[in-house]
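Undergrad: A single structure is presented below for examination.
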Amino acid sequence: MECNFKDIEITELNVRLYKLDDQQQVIKLWNRCNLVVPWNDPKRDIELKLQFQPDLFLVSALNNLIIGSVMAGYEGHRGWINYLAVLPEYQRKGIGQLIMKAAEAELKKLGCLKVNLQVRSPNKSVIAFYERLGFSDSNVIGMGKWL
């Protein structure tokens, strides 16, 4: 994978497991990236993730600054990607690709053969990002139901 880490010392950047003391920075990241919507409580989402497959919750850190995150999951049939985010000032430098590759590697270790994700349809730049990573429209309609 070719990465363009302009203005970043590559030895200072790493992808690692989420730690409890990352919570405030991660929620701030998600808010800055417009991933938080009124019906999602990011603190609760983190709490739930830490109860199920916490080893698939990764962050990208530059020194002590969390600049990226991803929550992955695998239920035995398909993998899922949620909360992939990179701070706006660090976007378009290969960090999103890096953290996605790390999540995909962890999913592959579990036997996952296909990864799904959902993007809000008006978010054309994010759709283009995922297309560059090899994702395509699966010609399905995402549906949900509140329980």
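The values are calculated or read from the model by the stated rules, or taken from the named source; none is laboratory data. All of these numbers come straight from a predicted model, not from anything done at the bench. For neighbour counting, all protein chains shown are included, and Cβ atoms are generated from backbone atoms with ideal geometry for every residue, glycine included.
Undergrad: Return yes or no: is K93 modelled with pLDDT under 95, charged (D, E, K, R) and buried (at least 17 other Cβ atoms within 10 Å of the Cβ)?
TA: Considered against the rule, which asks whether it is modelled with pLDDT under 95, charged (D, E, K, R) and buried (at least 17 other Cβ atoms within 10 Å of the Cβ), K93 comes out as yes.
Condition check ((1) at pLDDT below 95; (2) assigned to a helix (DSSP H, G or I)) across all residues:
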site: K28; (1), (2): no, yes
site: N34; (1), (2): yes, no
site: V37; (1), (2): yes, no
site: W80; (1), (2): no, no
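Undergrad: Determine whether region 41-57 contains at least one residue that is farther than 18 Å from L84 by Cα and at pLDDT below 95.
TA: Taking region 41-57 as the starting set, the residues that turn out to be farther than 18 Å from L84 by Cα are 51.
Subset that is at pLDDT below 95: none.
The answer is no, given that none of the residues of region 41-57 is farther than 18 Å from L84 by Cα and at pLDDT below 95.
Undergrad: Only residues that are surrounded by 15 or more Cβ atoms within 10 Å (Cβ to Cβ) and either at pLDDT below 90 or assigned to a loop (DSSP other than H, G, I, E, B) (or both): list them for region 4-26, please.
TA: Here is the first cut: in region 4-26, the residues surrounded by 15 or more Cβ atoms within 10 Å (Cβ to Cβ) are 5, 8, 13, 15, 18, 22-23, 25-26.
The answer is F5, I8, L13, Y18.
Undergrad: So, one more: Note down all Cβ pairs under 6 Å where the first residue falls in region 122-139 and is in a helix (DSSP H, G or I), the second is modelled with pLDDT of 85 or more, and they're at least six residues apart or on different chains.
TA: Listed by first residue and then by second, the contacts come to V126/V119; I127/V119.
Undergrad: Of the conditions (1) out of contact with any helix residue (DSSP H, G or I) (no Cβ under 6 Å at 6 or more places or on another chain); (2) closer than 26 Å to K28 by Cβ; (3) in a helix (DSSP H, G or I), E106 clears all except one; give me its number.
TA: Unmet condition: (1).
Undergrad: Out of all the residues in region 44-56, is one or more touching a Lys or Arg at 6+ places or on another chain (Cβ under 7 Å), loosely packed, with under 13 Cβ neighbours inside 10 Å, in a helix (DSSP H, G or I) and touching a residue at least 24 places away in the same chain (Cβ under 8 Å)?
TA: No, region 44-56 has no match at all.
Undergrad: Filter region 82-99 down to residues that are more than 17 Å from K49 (Cβ to Cβ) and part of a helix (DSSP H, G or I) and give me whichever is nearest to the chain's Cα centre (by Cα).
TA: Ranking the qualifying residues of region 82-99, first place goes to G96.
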